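Notes to accompany the following structure.
The values are calculated or read from the model by the stated rules, or taken from the named source; none is laboratory data. Source: prediction; values computed, not measured. Don't worry about glycine lacking a Cβ; one is built from the backbone with ideal geometry, like all the others, and counts go over all protein chains shown. Keep in mind that these areas ignore ligands, DNA and RNA; they rest on the heavy atoms of the full protein, side chains included. Shrake-Rupley method; radii C 1.70, N 1.55, O 1.52, S 1.80 Å.
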Amino acid sequence: MQKYGGTSVADPDRIRAVADHVVRTHRAGKQVVVVVSAMGKSTDDFVRLAHDVSSDPHGREMDMLLTAGERISMALLCMAIIDLGLHAVSFTGSQAGIVTDTVHGKAKILEVKGDRIRETLANGAVAVVAGFQGISTDRDITTLGRGGSDTTAVALAASLGAEVCEIYTDVSGVFTADPRVVPEARKLAKVSFEEMLEMAATGGKVLALRSVEFARNYGVPVHVRSSFTWEPGTWVVEEDLSMEQAIISGVTHDASEAKVTIAQVADRPGVAASLFRALADAAVNVDMIVQNVSTAGHTDISFTVPKDDLHRAIAVMEKISGDLEATGITHDSNVARVSVVGAGMRTNPGVAAKMFEVLARQGVNIEMISTSSIRISCVVPLPDVERAVIALHSAFDLQIA
Ligand code: ADP
Ligand code: ASP
Ligand code: MG
């Protein structure tokens with residue numbers, strides 16, 4: 001399984017280079033299935049176009065529009081492969097048998113049939129599948145959320161029993177931080193599923209979160225690597241407990257979420273349940289949640305939501321704030337999250353203290369904190385986040401192998 005991201009198929013030269021690599025892999029005796037993303041930034045262009053014609057683009061039509069991008073790249077890649085003397089057949093997500101639920105814009109894969117892919121391979125041809133899309137149980141075209149081609153690739157790899165799922169991209173692997181922000185960031189030779197899950201969930205967008213969940217659940221070996229240099233990249237694998245763990249494996253950051261606060265809700269059983277049930281029913285993905293101590297039977301609750309979901313979240317909250325006795329709803333989009341991730345922090349106390357000290361020295365104010373057993377995240381002012389990432393990367397010596 002080889003997946004090529006947008007930059008990897010951005011223009012005709014890149015598409016021919018990818019075709020060449022696919023053909024070489026096939027000639028080396030492998031059956032090859034390819035998943036492609038839309039060319040370059042074309043998905044962003046489609047999103048902009050949709051907002052130019054509509055103030056609130058209809059979900060079904062948005063998905064119909066966005067899936068066109070992957071259709072273009074799959075057909076062009078097949079043409080380029082055929083030119084090199086190998087047969088290749090393209091398939092939309094629907095044709096590949098990727099069945100999803102009915103949530104437009106962030107559908108979940110329910111089943112991967114893959115019959116036509118197997119037939120194509122059995123005929124000695126290469127199958128090229130459009131990433132990021134499927135067909136819902138209501139027979140409508142759906143998309144899997146931004147970056148979803150990774151998920152298509154891993155899900156298909158699991159279903160077909162692929163030897164490896166190679167994710168080709170514009171960096172040479174998974175780094176200790178986004179190399180665009182921290183030039184000293186170091187490529188990791190391998191990273192565990194657990195660490196990669198935490199990194200993907202907190203902004204390490206080199207792999208889509210859902211794809212890592214699939215890889216872990218089905219044991220798919222994932223190899224993240226460059227389609228520009230073709231050098232070996234990073235293996236995402238089962239945690240090796242016999243090895244000494246690095247305390248911190250990476251620093252991530254994410255500016256895609258906003259902070260919302262609902263002030264002075266009643267402090268009694270059922271209030272949080274009603275609030276978060278209403279948000280869940282509106283398909284708002286709530287992330288970090290903080291509830292303060294209560295004074296006089298009332299308390300503030302703050303949480304983060306994707307900026308794209310902010311308007312929906314506020315609308316839902318305004319509807320129920322009376323029932324919760326809330327005195328107001330505020331939101332702040334000028335925030336970002338910085339996180340440190342590492343399996344070694346389970347057995348090394350003091351990581352949180354060190355993180356907070358580093359931020360304090362930088363004069364960065366921490367607005368919210370959340371932790372898992374292998375991650376610590378802080379919400380900080382957006383203008384400070386890159387400085388925080390650079391300082392943490394250096395304080396934890398991540399540039400040194
Ligand atoms: P593709 O279009 O190939 O799917 P993406 O843009 O989705 O590529 O993902 C690759 C990008 O992820 C890189 O260009 C890099 O800027 C960014 N990135 C963020 N965090 C990391 C990280 N820890 N390691 C590597 N890349 C990262
Ligand atoms: N083209 C889609 C996006 O830009 C899916 C992907 O590239 O993975 O989000
Ligand atoms: Mg991607």
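Under 20 Å between alpha carbons, and skipping anything fewer than 8 positions from K30 in its own chain: which lysines qualify?
K3
Based on the Cα atoms of the chain, what semi-axes does the equivalent ellipsoid have, where each is the square root of 5 times one gyration tensor eigenvalue, given in whole Å with the largest first?
Calculated on Cα positions only, the semi-axes equal 38, 27, 18 Å.
With only Lys, Arg, Asp and Glu charged, each at its Cβ (+1 for the first two, -1 for the last two), find how big the charge dipole of the chain is about the Cα centre; round to the nearest 20 debye.
Its charge dipole is roughly 680 debye.
If you average the sequence gap of Cα pairs under 8 Å that are 6 or more apart and divide by the length of the range 172-233, what percent do you get for the contact order? Don't skip to the answer; put the middle values down first.
On the way: 62 pairs, mean separation 23.5, N = 62.
The value is 38 percent.
Give the distance, in whole Å, between the Cα centre of the range 189-233 and the Cα centre of the range 256-291.
30 Å
Pick out, in residue order, every one of the GluC sites (Glu not before Pro) in the range 238-294 that is DSSP loop and has at most 12 other C-beta atoms within 10 Å; say none if there are none.
Answer by residue number: E238, E244.
Where the Cα atoms of the range 76-177 are projected onto their three principal axes, how long is each span, largest first, in whole Å?
Per principal axis, max minus min of the Cα coordinates gives 40, 40, 26 Å.
Quick one: grab Rg to one decimal and Dmax as a whole number for the range 267-401, Cα atoms only, in Å.
Cα-based Rg and Dmax for the range 267-401 come out at 17.3, 55 Å.
Once ligands and nucleic acids are excluded and a 1.4 Å probe is used, how much of V171 is accessible, expressed in Å² to the nearest 10?
30 Å²
Of T176, V380, A272, which is farthest towards the positive pole of the chain's charge dipole, taken about the Cα centre with +1 and -1 on the beta-carbons of Lys, Arg and Asp, Glu respectively?
Among T176, V380, A272, the one farthest towards the positive end of the dipole of the chain is T176.
For the chain, find the longest principal axis of its Cα atoms and tell me its angle to the long axis of helix 12-27, 0 to 90°, nearest 10.
70 degrees
Give the average over all directions of the projected area of the C-alpha convex hull of the range 232-344, one decimal, in nm². Please report the intermediate quantities before stating the final value.
Values: hull surface 41.1 nm².
Reported value for the Cα convex hull: 10.3 nm².
So what is the calculated 222 nm ellipticity per residue for the chain, using -39500 (n - 2.57) for each DSSP H run with n of 4 or more, over all residues, to the nearest 500 deg cm²/dmol?
Dividing the helical sum by the residues of the chain leaves -10500 deg cm²/dmol.
Rounded to the nearest 20 Debye, what is the dipole magnitude of the range 97-240 about its Cα centre when Lys and Arg each give +1 and Asp and Glu each give -1 at the C-beta?
340 debye
Please label the shape of the range 137-235 as rounded, prolate or oblate, based on the square roots a ≥ b ≥ c of the eigenvalues of the alpha-carbon gyration tensor (a/c under 1.5 means rounded; beyond that, a/b larger than b/c means prolate, else oblate).
Values: a/c = 1.81, a/b = 1.55, b/c = 1.17.
It is prolate, given that a/c is not under 1.5 and a/b is the larger ratio.
Could you name the aspartates and glutamates in cross-link range of K319, using Cα to Cα under 14 Å and dropping any fewer than eight places away on the same chain?
By straight Cα distance, K319 reaches D281.
Kirkwood hydrodynamic radius, computed over distinct alpha-carbon pairs, for the range 340-385: how many Å, to one decimal? Write down the numbers at each step before the final one.
Numbers: mean 1/r = 0.0900 Å⁻¹.
Kirkwood hydrodynamic radius for the range 340-385: 11.1 Å.
Only Lys, Arg, Asp and Glu count, each charged at its Cβ (+1, +1, -1, -1), so figure out the dipole size of the range 192-238 about its Cα centre, rounded to 20 debye. All intermediate terms of the calculation are to be shown ahead of the outcome.
Values: 4 positive and 6 negative charges, 43 e Å.
It works out to roughly 200 debye.
For the range 1-144, go through all pairs of different Cα atoms, get the mean of 1/r, take its inverse, and jot down that Kirkwood value in Å. All intermediate terms of the calculation are to be shown ahead of the outcome.
On the way: mean 1/r = 0.0647 Å⁻¹.
Computed over the range 1-144, the radius equals 15.5 Å.
Along the charge dipole of the chain, pointing to its positive end and built from +1/-1 on Cβ of Lys, Arg, Asp and Glu, which listed residue (F228, L207, T25) has its Cα farthest out?
T25
Using DSSP to call loops (not H, G, I, E or B), can you name the trypsin sites (Lys or Arg not before Pro) in the range 355-401 whose Cβ has at most 14 other Cβ atoms within 10 angstrom? Could the numbers behind the result be given before it?
Values: sites: R361, R375, R387; in loops: none.
Sparse-neighbourhood loop trypsin sites (Lys or Arg not before Pro): none present.
What residues qualify as long-range amide H neighbours of T169, i.e. H under 5 Å apart, gap of 5 or more or another chain, H built at 1.01 Å from N?
R225, S226, S227
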